[in-house]
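Colleague: Sending over a structure as structure tokens; questions will come in a sec.
Just so it is clear, none of the values below were taken in a lab; they were calculated from the coordinates. Fair warning: this is a prediction, and the values are worked out from it, not measured in the lab. Cβ: placed from backbone, ideal geometry, glycine included. Neighbour counts: every protein chain shown.
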Amino acid sequence: MESKLHDAFNTLRPWIVSSFGNNVYEVHSHPSVSVDISRRICSYSEWQLKGFPCAHGVSAIQNSGHDLSLFVDQYFYIQSYQESYSFLIYHVSSIWKLDCNVDGDSDVVLPPLSRKQPGRPNKKRICSNCEKVRQITCGRYGKVGNHNKKLCKEAL
């Protein structure tokens, strides 16, 4: 956590920060973002999602003169990590060991039943959205399109 905070603090972008009072700031970036450091809210919404101040929040906290480590969730502290693993963690027995009288064939998962779709299958493959379509030049009138001279439907 501390290394992330120091990295964010050292690599601040040259944003202009304006104070609205009551620990509410506006960070003039593209687009402008409002930050309320007392409620730990950023209109960019990254601070609320991660519990860790985003670059906008770090800029506002630096401008306010507060300590940066006070605005991080307790989740990121070593003390909470140690508390979460202070209790015993019991082994969970496997599903296979719960019932010894189960046949081996009944545990096999079969694929879902599929039905052949009616109708004749397509000859032409459906292109994906990101696939590039090759442009062809029509030999009859020289314009770029999706046909050649043989398939041209333009009038002579």
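Colleague: State to the nearest 20 debye the size of the charge dipole of region 16-156 about its Cα centre, where the only charges are +1 on K and R beta carbons and -1 on D and E beta carbons.
Modeller: 2120 debye
Colleague: Shifting gears a bit: Would you list, by chain and number, the lysines whose Cα falls below 16 Å from the Cα of residue 124, excluding same-chain residues fewer than 8 positions away?
Modeller: Residue 124 reaches 132.
Colleague: Still on this structure, I have one more. GNM, the chain, Cα, under 10 Å: largest mean-square fluctuation among 121, 112, 53?
Modeller: The residue that fluctuates most here is 121.
Colleague: Using the Cα centre of region 2-78 as the reference point, and only Cβ charges (+1 on K/R, -1 on D/E), how large is the resulting charge dipole? Debye, rounded to the nearest 20.
Modeller: 80 debye
Colleague: Stokes-Einstein D for the chain at 10 °C, 1.306 mPa s, Kirkwood Rh over Cα pairs, in µm²/s?
Modeller: Diffusion coefficient, whole number: 68 µm²/s.
Colleague: Using only the Cα atoms of region 2-78, each taken as one equal point scatterer with no solvent, compute I(q) by the Debye sum, divide by I(0), and report log10 of the ratio at q = 0.24 Å⁻¹.
Modeller: Rounded to two decimals, the profile gives -1.16.
Colleague: Moving to a separate point now. Under the rule of at least 5 residues apart or a separate chain, name every residue whose amide H is placed under 5 Å from the amide H of residue 29.
Modeller: HN-HN under 5 Å from residue 29: empty list.
Colleague: Same structure again: In region 21-77, which trypsin sites (Lys or Arg not before Pro) are in a loop and have at most 13 other Cβ atoms within 10 Å, using DSSP for the loop call?
Modeller: The qualifying sites are 39.
Colleague: Right, something else. Per the helix-only calculation at 222 nm, which mean residue ellipticity applies to the chain, given -39500 (n - 2.57) for every DSSP H run of n ≥ 4 and division by its residues, nearest 500 deg cm²/dmol?
Modeller: -5500 deg cm²/dmol
Colleague: Rank 41, 86, 145 by how far each Cα sits towards the positive end of the charge dipole of the chain (+1 on Lys, Arg Cβ; -1 on Asp, Glu Cβ) and give me just the farthest.
Modeller: The one lying farthest along the dipole's positive direction is 145.
Colleague: Given 0.36 nm per residue, what is the gain on full extension from residue 29 to residue 6 after removing their alpha carbon distance, in nm?
Modeller: 6.2 nm
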